[in-house]
Amino acid sequence: MSNNTYQSPLNSRYASKEMQYLFSNDMKFRTWRKLWIALAETEMELGLPITQEQVDELKAHADDINYEVAEAREKQVRHDVMSHVYAYGVQCPKAKGIIHLGATSCYVGDNTDIIVMTEALRLIRKKLVNVIAKLGDFAMKYKDMPTLGFTHFQPAQLTTVGKRATLWLNDLVMDLEDVDHRLSKAKLLGSKGTTGTQASFLELFEGDHEKVKALDMRIAEKMGYDAVFPVSGQTYARKLDTQMLNVLAGIAQSAYKFSNDLRLLQHLKEMEEPFEKSQIGSSAMAYKRNPMRSERICSLARYVIVDALNPAITASTQWFERTLDDSANKRISVAEAFLATDAILEIYMNIADGMVVYPKVIESRIMSELPFMATENIMMQAVKKGGDRQELHEKIRELSMEAGKNVKVNGGPNNLIDLIAADGSFNLDIDALRSILKPENYVGRAPQQTEEYINGVIKPIVEANKDLLGLTAELSV
């Protein structure tokens, strides 16, 4: 790697090799050749004067791309598609006259872009399923562990560690549904010609509309697709790029929410992301354990969320049947959205695989707040002992204020229970009060909700995708 040339950190630091390959030149140009083979073979099958020998010659050189010839030619003609047509023809002299017959540049360019995005979304799906599986295991493990809930990041009623994880999971399940919907709609541009009218192909087939329609569909089938865009200009509708990146932005939003929550929990010392034995948290403060993985998710997710605006603007500003102000933008924005989302899910997998929970800290924070939350239960027990509810309510209000002052002003512990035990009007000793303060009595249906959600939603997803499971993620830097 050159140290005096810009290198994308998405390659050098973040995205997986699998995702990097999908957006590589090799993937692109190999797919171009597959499309040229599909075109020639289908034209032959539909009666054009193309021989099996010519098709076989194209197939023989599908993968051994002579890049140096294409690069030299492009310097002369300034056209990437025609340069590769030429280079392919050098290797296939018998077939060079029928390569790209009737097609425009978007035949290979746009169909390849769709194929790459579709394969990339399948890889995203695989990693998303693995994150869901790992997080599901975590939720079940901690389904019964009470923890302080927060609204507005202020102490609220108790929930459980596992129940909170189901909130993160449910966001990802919604994302998986979006991914599956988008994959179910996958279709190629097909062979539509320079303005989408298929005029060049109609000319080749001497006005036979049925053969032109058959050409469109057969090429798609040879490339593994069962549908093509029913109408188009020269390009596929750029709205597809918007739809793709909106799905990725949704995943980024879910990951951001999770990692932001984890950063807050790590500050509270209740939970931590994995921290390796030799990892350095700070160059100046050796004791620090910074949530760098979660912070990296937030950083990349912010980029993907904003990047989704690129294809939205591009799709809305296209002119008629074709304009070229989309090209430079989509080369960058689409690839980087997939690479960044891939990196996000790699990190998410890594975190979900090794999150650390600190039960004693969680319990301590619960007990600092639970006395306030248990006042209704305490009051009811005192009424059963013969107390007056209205008087007890006022007493609890006064004692709660005093305990709150001890915490906030004096920096002391929450001593509400001691104050109540010392007040004879409640007729409850310290042991009776402590029996009321059992955290598991204040979590509602959180354990049951968690188990029901995992069994009813997550396990069917995991079972249906068990062939995709088993991924692990090691962070490069």
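None of the figures in this text is laboratory data; all of them are computed from the coordinates on show. Here the structure is a predicted model, which is why all the values come from computation and not from measurement. Positions of Cβ are generated from backbone atoms using ideal geometry, with glycine treated the same way; all protein chains shown enter the neighbour counts.
Could you tell me the distance between the Cα centroids of region 11-25 and region 28-106, to the nearest Å? Here the answer is 26 Å between Cα centres.
If the convex hull of the alpha-carbon atoms of region 375-436 is projected onto planes in all directions, what is the mean projected area in square nanometres?
Working: hull surface 15.1 nm².
For the Cα atoms of region 375-436, the hull's average projected area reads 3.8 nm².
Mind running the shape call on region 35-147? Use the C-alpha gyration tensor, a ≥ b ≥ c as the square roots of the eigenvalues: rounded below 1.5 for a/c, prolate if a/b tops b/c, oblate otherwise. Since a/c reaches 1.5 and a/b is larger than b/c, the shape of region 35-147 is classed as prolate.
Considering only the other residues whose Cβ falls under 11 Å of the Cβ of V55, what net charge follows from Lys and Arg at +1 and Asp and Glu at -1?
Values: positive: K59, K94; negative: E41, E43, E45, E53, D56, E57.
Here the count lands on -4.
Computed from phi, the 3J(HN,Hα) profile of region 169-181 under the Karplus parametrisation 6.51, -1.76, 1.60 (θ = phi - 60°) reads 4, 5, 4, 5, 5, 4, 5, 4, 4, 5, 4, 5, 4 Hz, with x in place of Gly and Pro. Each stretch of four or more DSSP H residues adds -39500 (n - 2.57); spread over every residue of the chain, this sum gives -20000 deg cm²/dmol at 222 nm.
For region 375-436, what is the relative contact order in percent, using Cα pairs closer than 8 Å and at least 6 residues apart in sequence? Please list the in-between numbers first.
Working: 50 pairs, mean separation 21.4, N = 62.
Across region 375-436, relative contact order equals 34 percent.
Converting phi to 3J(HN,Hα) with the Karplus coefficients 6.51, -1.76 and 1.60 and the offset θ = phi - 60°, region 237-244 yields 4, 5, 4, 4, 4, 4, 4, 4 Hz in sequence order, with x at every glycine or proline. Pairs exceeding 22 Å between alpha-carbon atoms, taken from K185/K459; K330/K466; K34/K466; K141/K466; K34/K94; K126/K330: K185/K459; K330/K466; K34/K466; K126/K330.
Computed over neighbours whose Cβ is under 13 Å from that of T31, the net charge equals 0, Lys and Arg +1, Asp and Glu -1.
Working note: Karplus 6.51/-1.76/1.60 with θ = phi - 60° gives region 220-234 the couplings 4, 5, 5, 8, x, 10, 10, 7, 10, 4, x, 9, 6, x, 5 Hz, where Gly and Pro are set to x. Computed on the Cα trace of region 220-371, the radius of gyration divided by the Kirkwood hydrodynamic radius gives Rg/Rh = 1.17. Each Lys or Arg adds one and each Asp or Glu takes one away; over the other residues whose Cβ falls under 11 Å from the Cβ of L265, this sums to 0.
For G149, the residues whose amide H sits under 5 Å from its own are A156, L158, T159, ignoring neighbours fewer than 5 places away on the same chain, with H placed 1.01 Å from N.
Just name one of F338, A315, G190: the one whose Cα is farthest towards the positive end of the charge dipole of the chain (beta-carbon charges, Lys/Arg +1, Asp/Glu -1). Toward the positive end, the furthest listed residue is F338.
When only the Cβ of Lys, Arg, Asp and Glu is charged (+1, +1, -1, -1), the dipole of the chain relative to its Cα centre reaches about 840 debye. By DSSP, the beta bridges lying fully in the chain are antiparallel in about 90 percent of cases.
Averaging Cα coordinates gives a centre for region 436-470 and one for region 377-396; these two points are 37 Å apart.
Given 10 °C and 1.306 mPa s, how large is the Stokes-Einstein diffusion coefficient of region 319-477 in µm²/s, with Rh as the Kirkwood radius over Cα pairs?
Values: Rh = 21.4 Å.
Once the numbers are plugged in, D ends up at 74 µm²/s.
Rounded to the nearest 20 Debye, what is the dipole magnitude of region 375-436 about its Cα centre when Lys and Arg each give +1 and Asp and Glu each give -1 at the C-beta?
With only Lys, Arg, Asp and Glu charged at Cβ, the dipole is about 140 debye.
For the chain, the relative contact order works out to 19 percent when only alpha carbon pairs closer than 8 Å and six or more residues apart are counted.
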